[in-house]
Amino acid sequence: MNIENSRIEFHRALKSIPGGVNSPVRAFKSVGCDPLIIAKGKGSTIEDIDGNRYTDFVSSWGPLIIGHAHDDILAAINEAAAKGTSFGAPTLYETLMAERIIAMIPSIEKVRMVNSGTEATMSAIRLARGFTNRELIVKFAGNYHGHGDSFLIKAGSGAITLGLPDSPGVTKGVAADTLIAEYNNLASVEKLFAEKKNQIAAIIVEPVAGNMGVVLPEEGFLQGLRAICTREGALLIFDEVITGFRLAAGGAQEFYGVYPDLTTLGKIIGGGLPVGAYGGRKEIMDYLAPIGPVYQAGTLSGNPLAMAAGLAMLNFLSTTPGFYAKLEQKADFVEKGIRANLKKTGVPAVLNRVGSMMTLFFTENKQVTSYAEAMKSDSERYANYFRLSLESGIYLAPSQYECMFISYAHTEHDLQKLVDANLEALKQL
Ligand code: HOZ
């Protein structure tokens, strides 16, 4: 595989962009090679600037659930762009988007659009603090909620990939307001509430952890968080930036039947354009300015291009008959294939999957249900696996601690190619 142009261009970027990238995991640091510079994508395939083609299982880290450059999304963006790209004033697109989100996500009665998942989570905790008049938040080790200061404590995603779960630059004061509990461990949450009676504003959680690799909530975990919050007068925030519109039309909350007070959204909702949103119960959302005292704003919030792309995306998901059943079938095919390969080769690994998100953890452990278990994975082995997969034309997340996403655009041929490449790579590990 010739990747000379990618190499040259990455080294050029290193001179003008910190680490050569605008988001750390993209630098491929933990997989021991230089990143590919991507030229274009269509459907399930991406092409680098050397002309190499790969079947893409990163899907822009989640947003592209119907593949790259989908015709409906391109048409919607073009139509919106022709009318103007930003007004800093209300547009009809925003109301249509809000109405669509409210119709799809069960617990959302009102919603505010922002520009990224990070903005959504930062705003949601400010709102939770303002509404409850309490200061502390509980987050889970290995969960990732974007790069807001309050969340860069035992953070997942690029932060664990690069060994920076507690970032310098976060003040001691901010760090002290974030309490850390263990995912899938209700006792660790109860302990914090007992120690900090009437001081905790909210629990924020990825209902399915996707940023320490995929870790599923155990039976009763989400229900337990709901019960604790209700009992203690704290708000439950589901960070559905990854799971929203992915596990089901109504996200993880519909999938598991547990309903938070606030939900944060991003990724799929923008159809591949930068967007985020947070929403929830009316009485909480009406605590936001201009009708309430909690401030949050943004020049490009509700941007017409992003709204148009997102509406086209949500329209596709909700009008395509059997969309989620078909996605499940595709993901199930991959799961069965990889499990059979693991059996054949005897490589010790755990495959965690729910719906179209999964992670293959290289570990001697029998299960991965917690941050501690996820961290026991052999990331060197993953790096090797990643490079072997790339050689076979399969583009995976360049980190053991991210998800592999199956999209609606993946064909039977793509999925078989993935399973075959997986077998070849396992044999060579
Ligand atoms: N934080 C993202 C993955 N969970 C990575 C974003 C990117 O590098 O584009």
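The values are calculated or read from the model by the stated rules, or taken from the named source; none is laboratory data. Since the structure is predicted, the reported quantities are computational estimates derived from the model, not experimental observations. Cβ: placed from backbone, ideal geometry, glycine included. Neighbour counts: every protein chain shown. Heavy atoms of the whole protein, side chains included, go into the accessibility calculation; ligands, DNA and RNA do not. Shrake-Rupley method; radii C 1.70, N 1.55, O 1.52, S 1.80 Å.
For segment 176-189, which residues satisfy the criterion of being of a type in the set (A, V, I, L, M) and in contact with a helix residue (DSSP H, G or I) (Cβ under 8 Å, 6 or more places away or on another chain)? If the condition is that a residue be of a type in the set (A, V, I, L, M) and in contact with a helix residue (DSSP H, G or I) (Cβ under 8 Å, 6 or more places away or on another chain), then LEU179, ALA181, LEU186, VAL189 are the ones that fit.
Residues being touching a Cys at 6+ places or on another chain (Cβ under 9 Å), assigned to a loop (DSSP other than H, G, I, E, B) and within 16 Å of the ligand (Cβ to nearest atom) are represented in segment 59-77 by at least one member.
Against the criterion of being in contact with a helix residue (DSSP H, G or I) (Cβ under 9 Å, 6 or more places away or on another chain) and part of a strand (DSSP E or B), THR359 qualifies. Considering segment 206-237, the residues that are touching a residue at least 40 places away in the same chain (Cβ under 8 Å) and open to solvent by 20 Å² or more (accessible area, probe 1.4 Å) include one that is nearest to the ligand (Cβ to nearest atom), namely LEU216.
Hey, does segment 3-25 have a residue that's crowded, with 20+ Cβ neighbours inside 10 Å, more than 13 Å from the ligand (Cβ to nearest atom), among the hydroxyl-bearing types (Ser, Thr, Tyr) and within 19 Å of MET358 (Cβ to Cβ)? Checked segment 3-25: no residue is crowded, with 20+ Cβ neighbours inside 10 Å, more than 13 Å from the ligand (Cβ to nearest atom), among the hydroxyl-bearing types (Ser, Thr, Tyr) and within 19 Å of MET358 (Cβ to Cβ). Would you confirm whether any residue within segment 143-166 is in contact (Cβ under 8 Å) with a residue 60 or more places away in the chain, open to solvent by 30 Å² or more (accessible area, probe 1.4 Å) and within 11 Å of the ligand (Cβ to nearest atom)? Within segment 143-166 (the criterion being in contact (Cβ under 8 Å) with a residue 60 or more places away in the chain, open to solvent by 30 Å² or more (accessible area, probe 1.4 Å) and within 11 Å of the ligand (Cβ to nearest atom)), the answer is yes, since at least one residue qualifies. Residues that are within 16 Å of the ligand (Cβ to nearest atom) and touching a residue at least 60 places away in the same chain (Cβ under 8 Å) number at least 1 in the following helices (runs of 4 or more DSSP H) confined to segment 371-429: 371-374, 379-391. Kindly provide the set of residues from segment 95-132 that are open to solvent by 50 Å² or more (accessible area, probe 1.4 Å) and either of a type in the set (Gly, Ala, Ser) or assigned to a helix (DSSP H, G or I) (or both), ordered by number. Once the filter is applied, which keeps residues that are open to solvent by 50 Å² or more (accessible area, probe 1.4 Å) and either of a type in the set (Gly, Ala, Ser) or assigned to a helix (DSSP H, G or I) (or both), segment 95-132 yields THR95, LEU96, GLU99, ARG100, ILE102, ALA103, MET122, ARG126, ARG129, PHE131. One residue stands out in segment 142-175 among those that are among the β-branched types (Val, Ile, Thr), touching a helix residue (DSSP H, G or I) at 6+ places or on another chain (Cβ under 7 Å) and assigned to a helix (DSSP H, G or I): the one that is modelled with the lowest pLDDT, namely THR161. When you check PHE57 against the structure, is it of a type in the set (Phe, Trp, Tyr) and open to solvent by 60 Å² or more (accessible area, probe 1.4 Å), yes or no? So PHE57 fails the test.
Scanning segment 26-38 for residues that are under 23 Å from the mean Cα position of the chain (by Cα) and small (Gly, Ala, Ser), we see that the one that is nearest to the ligand (Cβ to nearest atom) is ALA27.
I'd like to check something: does segment 80-89 contain any residue that is open to solvent by 60 Å² or more (accessible area, probe 1.4 Å), of a type in the set (Lys, Arg) and part of a helix (DSSP H, G or I)? There is no residue in segment 80-89 that is open to solvent by 60 Å² or more (accessible area, probe 1.4 Å), of a type in the set (Lys, Arg) and part of a helix (DSSP H, G or I).
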